[in-house]
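Structure first, then comments.
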Ligand SMILES: [Fe+2]
Ligand SMILES: [Fe+2]
């Protein structure tokens with residue numbers, strides 16, 4: 001591993017092209033996915049939240065997810081990335097963003113399971129050799145933990161009734177199969193470069209396996225199960 005520690009955006013100008021490209025790809029992917037998530041799930045969920053208390057917490061989650069996009073986009077702009085590359089555009093999104101939210105249970109399951117995936121991604125950047133990205137990850141982490149806890153708490157609440165449990169299980173069955181793809185392709189050349197440069201720590205395969213084990217434990221804690229499905233060949237992504 002050739003960790004090139006880059007402490008500031010200014011210092012990045014002297015880093016090798018490969019390093020700057022790797023940092024840019026990662027910032028773009030986070031900026032886009034955070035905005036997709038906020039638009040497709042978090043903001044619409046406010047209307048589905050069943051009580052004033054749930055609406056208040058959902059507003060906080062939506063505010064924070066938009067905030068994550070804003071932070072990554074700001075960093076991208078400092079890196080000189082054109083604005084249109086930092087927002088959803090022509091590129092096909094991850095499949096999970098193509099299924100608009102239809103219920104409160106779906107949102108609680110997304111926070112339970114998709115935000116666990118977000119936590120692993122952000123956690124991997126906590127020791128990033130490009131310090132502006134590391135600092136952004138450190139700032140974002142407590143909020144992602146709150147989102148996952150939100151999902152867990154509301155799913156636990158919903159699972160107290162047989163009907164609620166069935167609806168949560170149904171949402172898990174439909175959304176979970178799309179989540180392992182969040183970690184990018186196996187044997188990804190982008191990921192090889194990220195690790196070689198000290199920008200990321202773990203391989204896509206390792207993160208995916210960790211994610212599946214953690215998702216399984218979470219779901220079992222609720223007395224539910226993960227659906228069995230054939231893992232689709234993971235699409236190449238910048239992750
Ligand atoms: Fe986020
Ligand atoms: Fe989140």
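All of (1) over 24 Å from residue 19 (Cα atoms); (2) at pLDDT below 95; (3) within 16 Å of ligand 1 (Cβ to nearest atom); (4) buried (at least 18 other Cβ atoms within 10 Å of the Cβ) hold for residue 182 with one exception: (1).
So that you can scan it fast, the table gives a plain yes or no per residue for (1) closer than 20 Å to residue 95 by Cα; (2) surrounded by 21 or more Cβ atoms within 10 Å (Cβ to Cβ); (3) more than 11 Å from ligand 2 (Cβ to nearest atom):
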site: 128; (1), (2), (3): no, yes, yes
site: 140; (1), (2), (3): no, yes, no
site: 143; (1), (2), (3): no, no, no
site: 147; (1), (2), (3): no, yes, no
site: 155; (1), (2), (3): no, yes, yes
site: 163; (1), (2), (3): no, no, yes
site: 170; (1), (2), (3): yes, no, yes
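Test each condition in (1) surrounded by fewer than 18 Cβ atoms within 10 Å (Cβ to Cβ); (2) touching a residue at least 60 places away in the same chain (Cβ under 8 Å); (3) within 16 Å of ligand 2 (Cβ to nearest atom) for residue 40 and report the one that comes out false. All conditions are met except number (1). Which one of these does residue 201 not meet: (1) touching a residue at least 40 places away in the same chain (Cβ under 8 Å); (2) outside any loop (DSSP other than H, G, I, E, B)? With respect to (1) touching a residue at least 40 places away in the same chain (Cβ under 8 Å); (2) outside any loop (DSSP other than H, G, I, E, B), residue 201 is out only on (2).
With respect to residue 150, determine if the residue is closer than 24 Å to residue 38 by Cα, more than 16 Å from ligand 1 (Cβ to nearest atom) and in contact (Cβ under 8 Å) with a residue 12 or more places away in the chain. Reasoning before the result, please.
Details: closer than 24 Å to residue 38 by Cα: yes; more than 16 Å from ligand 1 (Cβ to nearest atom): no; in contact (Cβ under 8 Å) with a residue 12 or more places away in the chain: yes.
Against the criterion (closer than 24 Å to residue 38 by Cα, more than 16 Å from ligand 1 (Cβ to nearest atom) and in contact (Cβ under 8 Å) with a residue 12 or more places away in the chain), residue 150 does not qualify.
Considering the stretch 80-196, the qualifying helices (runs of 4 or more DSSP H), each wholly inside and each with 2 or more residues that are under 22 Å from residue 44 (Cβ atoms), run over 104-124, 131-158, 162-175.
The values are calculated or read from the model by the stated rules, or taken from the named source; none is laboratory data. The model shown is predicted, which means the values in this text are computed figures rather than measured ones. A quick note on method: Cβ atoms are made from the backbone with ideal geometry, for glycine too, and the neighbour counts reach across all protein chains shown.
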